[in-house]
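> What follows is a single structure, and I will ask about it in a moment.
The values are calculated or read from the model by the stated rules, or taken from the named source; none is laboratory data. Model, not experiment: these values are computed from the prediction. Neighbour counts are summed over all protein chains in view; Cβ atoms, including those assigned to glycine, are modelled from backbone coordinates with ideal geometry. Each accessible area value is taken on the protein alone, full model and side chains, heavy atoms only, with ligands, DNA and RNA left out. Shrake-Rupley method; radii C 1.70, N 1.55, O 1.52, S 1.80 Å.
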Amino acid sequence: MSQFEKEKLLNKYPLPVTIKETELIIDQMKYSICKIQNKNGDGTGFFCKILNKKLLLTNNHVINEGILKNNNIIKVKLNDNDIRKDIEIKDYYTSIKYDTTIIEINDNDKNINYLEIDDEIFDQNVNIFNESIYITQYPGNEPKAAVSYGVLYQIADNYNILHYCSTKPGSSGSPIIKLSNNKIIGIHKENEINYNYNRGTLLKY
């Protein structure tokens, strides 16, 4: 995972919400994001629904084909590691190009809060440049969830989101969320080594 662990702290933008609002976001997201630990290293995943399908999403470099084809469950931790869950794999899609893994799951846990995808990302005419965003993540070996704020810089190569949210190792696979409506637009994956921004994948892909 070494080439993907080069995360970047970016302090370019002031906190757009109050500390209490940040604490509320983190508390609400404890059942929407999870920590993933396997032979590839640490990462973050998140739960969402598309067309009534329950999904767990993360990066391909966190959970890849080699792990998926040899297992029928994925072990995760959520609620700041208080809960360890075995997630049953129903089906999956994974892509090295988009650095994305989408796992359809069998899970009836009513505590899981499934996030929504922002439908605007499918509209070619919508300009989300300079949109305020945040990332909720389980960085490094820290047991507690964290949130960082920033803005969307641009969409590059049609599917790469360039953004100004700080991340640390272990943040790979975190949801990139619009602050205005708390809906997901992408999956964080890495930094641009020679530039002052981080990068994710636009979820329409």
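> Taking only the alpha-carbon atoms of the range 92-205, what semi-axes of the equivalent ellipsoid follow from 5 times the gyration tensor eigenvalues under a square root, in whole Å, largest first?
Over the Cα atoms of the range 92-205, the semi-axes work out to 21, 18, 15 Å.
> Let me ask another. Excluding residues on the same chain fewer than 8 positions from LYS77, give the aspartates and glutamates whose Cα lies under 16 Å from its Cα.
Filter leaves ASP27, ASP42, ASP86, GLU88, ASP107, ASP109, GLU142.
> With all protein chains present and a 1.4 Å probe, how do SER180, SER172 order by accessible area, largest first?
The residues order as SER180, SER172, largest area first.
> What residues qualify as long-range amide H neighbours of GLU190, i.e. H under 5 Å apart, gap of 5 or more or another chain, H built at 1.01 Å from N?
ARG199
> Same structure, new question: If you average the sequence gap of Cα pairs under 8 Å that are 6 or more apart and divide by the length of the range 33-120, what percent do you get for the contact order?
RCO, the range 33-120: 31 percent.
> Roughly how many Å² of LEU55 are accessible to a 1.4 Å probe, to the nearest 10?
10
> For SER172, enumerate residues with amide H under 5 Å from its amide H, sequence gap 5+ or separate chain, H modeled in the peptide plane.
Residues meeting the amide H criterion: THR44.
> Can you work out ³J(HN,Hα) from phi for every residue in the range 79-89, in order, using Karplus 6.51 cos²θ - 1.76 cosθ + 1.60 and θ = phi - 60°, giving whole Hz and x for Gly and Pro?
These are the phi-based 3J(HN,Hα) values: 6, 6, 6, 5, 10, 10, 10, 9, 9, 7, 7 Hz.
> How much accessible area per residue does the chain have, in Å², with a 1.4 Å probe?
50
> I'd like to know which of PRO175, GLN154, ILE193 lies farthest towards the positive end of the charge dipole of the range 146-205, counting +1 on Cβ of Lys and Arg and -1 on Cβ of Asp and Glu.
Farthest towards the positive pole: PRO175.
> Taking 20 °C and 1.002 mPa s as the conditions, I'd like the Stokes-Einstein D for the chain in µm²/s, using the Kirkwood hydrodynamic radius from alpha carbon pairs.
128
> About the Cα centre, and with charges only on the beta carbon of Lys, Arg (+1) and Asp, Glu (-1), how big is the dipole of the chain? Nearest 20 debye, please.
My answer is approximately 320 debye.
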